[in-house]
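The structure appears below as structure tokens.
The values are calculated or read from the model by the stated rules, or taken from the named source; none is laboratory data. Not measured: the values here are computed from a predicted model. Using ideal geometry, Cβ is built from the backbone for each residue, glycine included, and neighbour counts are taken over all protein chains shown. What goes into the accessible areas is simple: the full protein's heavy atoms, side chains included, and nothing from ligands, DNA or RNA. Shrake-Rupley method; radii C 1.70, N 1.55, O 1.52, S 1.80 Å.
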Amino acid sequence: LVDGAEEGMANWSTSPETPWKTTREMVYEGDFALADSPWEDYKNNAGSWLTLNNPLELSGYHSPVLTFQHFYDLQTGKNKEDDYAYLEISTDGKNWGHLYRFSGTNEDFQHFSIPLNLPAGTDKLYIRFRLQSNGNGPGKGWFIDNIIISAIPLSLESLENMKLKPKKIVIEKNESITVQAEAVFGTGFSREIDP
């Protein structure tokens, strides 16, 4: 996945009552970034989220890593819990676990990178960015740009089977043909390989 917010909200779903949007207000690169409350402060005692529409399919890959550029300005609590920005992960899009929590401010866009350690046997994941205001007064919020999820293709030793696709089925004596090969790594993922 590579998303610099230039295609708008095409890859994302958001909280209906406090939706995230694309904005030009603060951008790391290109024309747009994603933000929880562009052009205004986030609301007090409110939450908002941004999650992938569809799960990322990781069959045939290992060691996924999420990277992005972000700016956050969140109010800290004097007698209350701070306001937080959460980075969360899910294998079903319903049950979420925290990967990281941000508070305070980072003052300008900064690079962030984190490995996505999934349970064994898991080949799909969702990510979610969630801002939670805990009554400390409004702040500028969270601006995210250049979201990338990268992973390393499994080696051919990990394939479950291989499909061979010859150009012809019947071959004449002394004739040579080209055969396309496809490595299959579990359900739903395959990639062409050199024959």
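Apply 1/(1 + (r/R0)^6) to the Cβ-Cβ distance of E17 and K94, taking R0 = 22 Å, and write down the FRET efficiency to the nearest 0.05. Result of the calculation: an efficiency of 0.75. When the chain is treated as a GNM with alpha-carbon contacts under 10 Å, the residue of Y42, Y100, Y84 showing the greatest mean-square fluctuation is Y100. Modelled spin-label separation between R101 and T178, with each label point placed 7 Å from Cα along the Cα-to-Cβ direction: 5.7 nm. Placing K124, K43 in order of accessible area, with the largest value first and a 1.4 Å probe, yields K43, K124.
The length gained on full extension between K78 and S59, counted as 0.36 nm times the residue separation minus their Cα-Cα distance, comes to 2.2 nm. Fully extending the segment from K165 to A151 would add 2.3 nm, taking 0.36 nm per residue of separation and subtracting the current Cα-Cα distance. Note on the chain: with a GNM built from Cα contacts shorter than 10 Å, the maximum mean-square fluctuation among I127, I147, I171 falls on I171.
Ligands, DNA and RNA aside, R130 has an accessible area near 50 Å² when probed at 1.4 Å.
Scalar couplings 3J(HN,Hα) for the stretch 139-153, obtained by applying the Karplus form with A = 6.51, B = -1.76, C = 1.60 to θ = phi - 60°, are x, 5, x, 10, 10, 10, 9, 6, 7, 9, 10, 10, 8, 9, x Hz; x denotes Gly and Pro.
For T122 and I193, the FRET efficiency from 1/(1 + (r/R0)^6), where r spans their Cβ atoms and R0 equals 30 Å, is about 0.75. In terms of distances greater than 27 angstrom between alpha carbons, the cross-link table entries K43/K124; K43/K80; K21/K78; K94/K163; K80/K140; K43/K78 yield K43/K124; K21/K78; K94/K163.
What label, among (i) -0.91; (ii) -0.81; (iii) -1.00, belongs to log10 I(q)/I(0) by the Debye sum over Cα atoms at q = 0.15 Å⁻¹ computed from the structure on display? It is the value labelled (i). Taking all protein chains together and rolling a 1.4 Å probe, H70 ends up with roughly 10 Å² accessible.
Between D31 and E7, the contour length at 0.36 nm per residue exceeds the Cα-Cα span by 7.6 nm.
Between P19, P153, P166, the residue with the greatest mean-square fluctuation in the GNM of the chain (Cα pairs under 10 Å linked by springs) is P166.
Taking amide hydrogens as placed 1.01 Å from N in the peptide plane, the amide H of N134 sits under 5 Å from those of N45, D83, Y84, each at least 5 positions away in sequence or on another chain.
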